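Participant: Got a structure for you, written out below as structure tokens; questions coming shortly.
The values are calculated or read from the model by the stated rules, or taken from the named source; none is laboratory data. From a predicted model like this one, the values you see are computed outputs, not experimental measurements. Cβ atoms come from the backbone with ideal geometry, glycine included; neighbour counts cover every protein chain shown.
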Amino acid sequence: MIDASVARRYARALLSLGLEEGRHERFGEELNAVMRTLDESPEAALLMRSPGYTAEQRQGAVATLASSLKLSPLVVSFLRLLVDRQRISDLPQIARSYRALLDLEVGRVRATVTSAAALSDEETARLRESIAKMTGRTIVLDAKTDPALIGGVVTQVGATRFDGSLRTQLERMRDALKGAPV
């Protein structure tokens, strides 16, 4: 596994070039597209990550990805560099580091909202606005559902978790009743 600081170094280098060209958002989208493709194709992921394949075979896979996803020449060069330095298997961690650095650069925060039932577009927009006011940043909101919550929502913003679920409230009530004198 790659050291987190090494992943950040590769991500920072690509971000720096993206900022110079004004294409930093585009590079992030392209890295995400590559990661999605590798997630959807176990064969391609194995080819990129397995040490049993030669650098030439991996370079061929990069060329195929580049043409099918219409990647920027700089992102293709970046992927080729990772192959040459035997770091292509570390692409998932590098892509995560890139996304985190990019979010920091543009003042964006990622948040996850989990609810018992799917939220309407209006409810999602209100939550996004509330979190944006609270953090003073642009919010990228990922909405999930978990019927076990019974009701309410659980919001994760960075390392901070706000749990307003009915399940948690019931658990707290149960614990309070257990500890109450008889």
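Participant: I'd like to know if the range 168-179 contains one or more residues that are surrounded by 13 or more Cβ atoms within 10 Å (Cβ to Cβ) and not assigned by TED's automatic domain parsing to the domain that holds Arg8.
Facilitator: yes
For (1) under 30 Å from Gly158 (Cα atoms); (2) of a type in the set (Phe, Trp, Tyr); (3) in contact with a Leu (Cβ under 9 Å, 6 or more places away or on another chain), each residue gets a yes or a no:
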| position | (1), (2), (3) |
| --- | --- |
| Asn32 | yes, no, no |
| Asp39 | yes, no, no |
| Leu46 | no, no, no |
| Val62 | no, no, yes |
| Ser68 | no, no, no |
| Val76 | no, no, yes |
| Asp84 | no, no, no |
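Participant: Test each condition in (1) farther than 30 Å from Ala100 by Cα; (2) free of Cβ contacts under 8 Å to residues at least 24 places away in the same chain; (3) of a type outside the set (Ser, Thr, Tyr) for Gly136 and report the one that comes out false.
Facilitator: All conditions pass for Gly136, except number (1).
Participant: With respect to Ala132, is the statement that it is under 27 Å from Leu31 (Cβ atoms) and modelled with pLDDT of 95 or more true?
Facilitator: no
Participant: Hey, another quick one. If the requirement is being part of a helix (DSSP H, G or I) and within 29 Å of Arg36 (Cα to Cα), which of these qualifies: Ala176, Ala148?
Facilitator: Ala148
Participant: Which one of these does Arg128 not meet: (1) surrounded by 16 or more Cβ atoms within 10 Å (Cβ to Cβ); (2) touching a residue at least 24 places away in the same chain (Cβ under 8 Å); (3) of a type outside the set (A, V, I, L, M, F, W, C)?
Facilitator: Only one criterion is unmet by Arg128, namely (2).
Participant: Kindly provide the set of residues from the range 161-180 that are over 24 Å from the mean Cα position of the chain (by Cα) and charged (D, E, K, R), ordered by number.
Facilitator: Arg167, Glu171, Arg172, Arg174, Asp175, Lys178
Residue by residue, here is whether (1) among the aromatic types (Phe, Trp, Tyr); (2) more than 20 Å from the chain's Cα centre (by Cα); (3) crowded, with 17+ Cβ neighbours inside 10 Å; (4) under 27 Å from Val6 (Cβ atoms) holds:
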position: Gln59; (1), (2), (3), (4): no, yes, no, yes
position: Asp84; (1), (2), (3), (4): no, yes, no, yes
position: Glu105; (1), (2), (3), (4): no, no, no, yes
position: Arg108; (1), (2), (3), (4): no, no, no, yes
position: Thr124; (1), (2), (3), (4): no, no, no, no
position: Ala159; (1), (2), (3), (4): no, no, no, yes
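Participant: While we're looking at this one, here's another question. For Lys133, which of the numbered conditions (1) assigned to a loop (DSSP other than H, G, I, E, B); (2) loosely packed, with under 13 Cβ neighbours inside 10 Å fails to hold?
Facilitator: (1)
Participant: How about the range 158-173: which of its residues are part of a loop (DSSP other than H, G, I, E, B) and at negative phi?
Facilitator: Ala159, Gly164, Ser165
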